[in-house]
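**Student:** The structure follows.
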Amino acid sequence: MADAVQMHFTSVDYVIFAILLVASVGIGLFYAFSGGRQRTTQEFLLADRSMSCLPVSLSLLATFQSAVAILGAPSEIYANGTQYWFLGCSYFLGLLIPAHVFIPVFYRLRLTSAYQYLELRFSKAVRICGTVTFIFQMVVYMGVVLYAPALALNAVTGFHLWGAVLAMGLVCTLYTTLGGLKAVIWTDVFQTVVMFAGQLAVIVVGAHQAGGIAEVWRKAQNGSRIAGLDLNPDPLERHTFWTLGVGGIFLMLALYGVNQAQVQRYLSSRTEKEAIMSCYVVFPCQQIVLALGCLMGLVMFARYGEDSPLDKGYVHSNDQMVLYFVMDVLQDLPGLPGLFVACLFSGALSTISSAFNSLATVTMEDLIKPHFPTMTETRATLLSKGLALSYGLVCLAMAYIASQMGSVLQAALSIFGMVGGPLLGLFCLGMFFPWANSVGAITGLVAGLVMAFWIGIGSFMARIQLAPSPTLGPDAGNLTSIVTAVTAKSRPTGVRALYSLSYMWYSVHNSTTVVVVGLIVSLLTGPMKEKDVAPGTVYPVLGNLLFFLPERYKEKLCCVTPLQPRSPPGQSKAIGTQPYQMGQKESNGMIYRKEVGRIEEEDEEPSKEETTIPTCDIAHEVLETAL
């Protein structure tokens, strides 16, 4: 890029950017030296299960609103029009299903890690497989999320590349290690406000310079950037209503239903009702975020039209266009470029800190604690902090590896999206199909991952052959990335058609593969009997759908297992006879932990009346929870 078009920060911009980093560290220090001072794993990993609805919902929003989305969505709208906006149609079911299906199951089991569920439902081997898959997913993504915005910033403004990477990585590691989940959630709240402020500033100033929002809309219409409802059912079409509206639901389920980073926030809520309400609050916030991204893309088009900075050679890829636009529009307003860069890095910080905390949680709960059941609480907490610190250093190492990847950067982002679908399929297999067994679960997960990587890598290589100069596309909720390529004139056939599948169908295809293969293998190897399934681990969706069948047929189909009832305030029943620890609630609302065996001695075996609640009553109870 020529130095003539490279713009630079003023001292005011640097001050605003520094304030963001200092404020984030300050929140971490505050929670390190206040309250319980992060002395227990419950406080460090689950914020003492004391969080209210609003901070949890804003943290849910910020966790996957990374810098890649802030850079990617406006570029997508600028290049291809507003069809991408229909992704918002998937948010309704994508958040409603987690609220009424996944949250009640996870919350009532009093879990710390989502993968504890897999041991309760299947076996320890399935739990370890799920945990290792998640760790791989997040470690790969962390480095890319850290490196991508720093690279774009360096290319457009000359901001020191590794200075930005180290500043973000070390600040994030510091406040996550010191302040635990409470610090992560409250910094997410602060960073969400910064993200909204930065995007709004750019849209308001850019629209004003373009002649007002009406003029922006007129130019977008004349430039064919306002897209209508495309009902083309072809799954090979990159963006249609069906790929975005239906494929997006599965993407959202993988994000908000079973991802540990989000599940951990639900479990940190004070009550199940507040956890469910946090999902409802996220819905309008997600729509606002999507609308801001679309508006910024339209304002960009109003300023440049078809005369793209990319075509002029001012930037080298689409992911640098948004920053170039921001520096161009705000160059005469000192401080505002710094505000947007703070917005950009807030997205990265919120994603990375959530990754650190969730990785420390699953490593501690799923891989270490089961082998050291007598570990003291003090040592467990110290080890959890050490794990968060270690993952911070791993993140910096992954950022360096990402810098060496070149065009494989897009492939690394796609890996994150490809892994989410099989994990969603694994949880759906356990939660909705009582006869699925552990052999079927492991085989299904492996089949789903093999299929995901086969299609994902094959698609990437095929597109590279078609388009020698790929550019980064939007990542749809920060989980998937594609390479924009020249569309072939003739419709692909055979394996080529599989490689041409829209990236928005990846989660659908891969999760379905896990469920289908898992069910077939379970039936061949001996399906589980209903009496062998741990209580509370199956959501009675089949029982509700087949309510008209006589009871004896429902029993044969394993359709009478009820959802574990909510415990009355001050009480908590142990679930099953699993070897690891479950949380129990005292009358004052504080959480402590006991071994399951000891809980069972005190609580006695649940009465027959408690364990045979009709499925219709349970469905009514779940409905009441959301009100």
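The values are calculated or read from the model by the stated rules, or taken from the named source; none is laboratory data. Just so we're clear, the structure is a prediction, and the values are computed from it rather than from any experiment. Here the Cβ positions follow ideal geometry from the backbone for every residue, glycine too, while neighbour counts run over all protein chains shown. Please note that ligands, DNA and RNA were not included when accessible areas were found on the heavy atoms of the full protein model with its side chains. Shrake-Rupley method; radii C 1.70, N 1.55, O 1.52, S 1.80 Å.
**Student:** Could you please let me know if GLY88 is surrounded by fewer than 24 Cβ atoms within 10 Å (Cβ to Cβ), modelled with pLDDT under 90 and either closer than 20 Å to VAL184 by Cα or under 18 Å from the mean Cα position of the chain (by Cα) (or both)?
**Tutor:** yes
**Student:** Ok, one more. Is there a residue in segment 274-286 that is within 23 Å of ILE226 (Cα to Cα), in a helix (DSSP H, G or I) and more than 13 Å from the chain's Cα centre (by Cα)?
**Tutor:** yes
**Student:** Can you work out which of the residues in segment 253-273 that are among the hydroxyl-bearing types (Ser, Thr, Tyr) and assigned to a helix (DSSP H, G or I) is farthest from PRO422 (Cα to Cα)? Please lay out each step first, then the result.
**Tutor:** First, pick out the residues of segment 253-273 that are among the hydroxyl-bearing types (Ser, Thr, Tyr): 256, 266, 268-269, 271.
Those left that are additionally assigned to a helix (DSSP H, G or I): 256, 266.
Values: TYR256: 15, TYR266: 22 Å.
Looking at the filtered set, the residue picked out is TYR266.
**Student:** Only one of these is open to solvent by less than 10 Å² (accessible area, probe 1.4 Å) and of a type in the set (Ser, Thr, Tyr): THR40, THR82, THR63. Name it.
**Tutor:** Just a single option satisfies the conditions, and that option is THR63.
**Student:** Let me ask something else about it. Please count how many residues of segment 431-448 are surrounded by fewer than 24 Cβ atoms within 10 Å (Cβ to Cβ) and part of a helix (DSSP H, G or I).
**Tutor:** Total satisfying the criteria: 8.
**Student:** Starting from residues that are of a type in the set (Val, Ile, Thr) and more than 20 Å from SER24 (Cβ to Cβ), keep the ones in segment 134-189 and report whichever is surrounded by the fewest Cβ atoms within 10 Å (Cβ to Cβ). Write out each step before concluding.
**Tutor:** At the first step, the residues of segment 134-189 found to be of a type in the set (Val, Ile, Thr) are 135, 139-140, 144-145, 156-157, 165, 171, 173, 176-177, 184-185, 187, 189.
If we keep only those that are more than 20 Å from SER24 (Cβ to Cβ) too, we end up with 135, 139-140, 144, 156-157.
Numbers: ILE135: 18, VAL139: 16, VAL140: 18, VAL144: 24, VAL156: 28, THR157: 20.
Checked segment 134-189; the qualifying residue surrounded by the fewest Cβ atoms within 10 Å (Cβ to Cβ) is VAL139.
**Student:** Do you know which residues across segment 291-313 are in contact with a helix residue (DSSP H, G or I) (Cβ under 7 Å, 6 or more places away or on another chain) and aromatic (Phe, Trp, Tyr)?
**Tutor:** Once the filter is applied, which keeps residues that are in contact with a helix residue (DSSP H, G or I) (Cβ under 7 Å, 6 or more places away or on another chain) and aromatic (Phe, Trp, Tyr), segment 291-313 yields only PHE301.
**Student:** Can you say whether TYR280 is among the aromatic types (Phe, Trp, Tyr), surrounded by fewer than 19 Cβ atoms within 10 Å (Cβ to Cβ) and out of contact with any strand residue (DSSP E or B) (no Cβ under 8 Å at 6 or more places or on another chain), as far as the supplied structure shows?
**Tutor:** yes
**Student:** Just name the residue that is nearest to TYR91 (Cα to Cα) out of those in segment 240-258 that are surrounded by fewer than 24 Cβ atoms within 10 Å (Cβ to Cβ) and touching a residue at least 12 places away in the same chain (Cβ under 8 Å).
**Tutor:** Pass one, segment 240-258, residues surrounded by fewer than 24 Cβ atoms within 10 Å (Cβ to Cβ): 240-242, 245-246, 249.
Within this subset, residues satisfying the condition of being touching a residue at least 12 places away in the same chain (Cβ under 8 Å) are 240-241, 245-246, 249.
Details: THR240: 16, PHE241: 13, GLY245: 8, VAL246: 10, ILE249: 7 Å.
Applying the filter and picking the extreme gives ILE249.
**Student:** Further question on the same structure: Pick from segment 96-127 the residues that are among the aromatic types (Phe, Trp, Tyr) and part of a helix (DSSP H, G or I): which of them is nearest to VAL282 (Cα to Cα)?
**Tutor:** PHE102
**Student:** Moving on to the next point. Given (1) under 30 Å from THR112 (Cβ atoms); (2) modelled with pLDDT of 80 or more, where does ASP13 come up short, assuming only one miss?
**Tutor:** Among (1) under 30 Å from THR112 (Cβ atoms); (2) modelled with pLDDT of 80 or more, the lone unmet condition for ASP13 is (1).
**Student:** A further question follows. Taking the conditions exactly as written (open to solvent by 30 Å² or more (accessible area, probe 1.4 Å), within 14 Å of ILE70 (Cα to Cα), at pLDDT 85 or above and assigned to a helix (DSSP H, G or I)), does LEU339 satisfy them or not?
**Tutor:** Yes.
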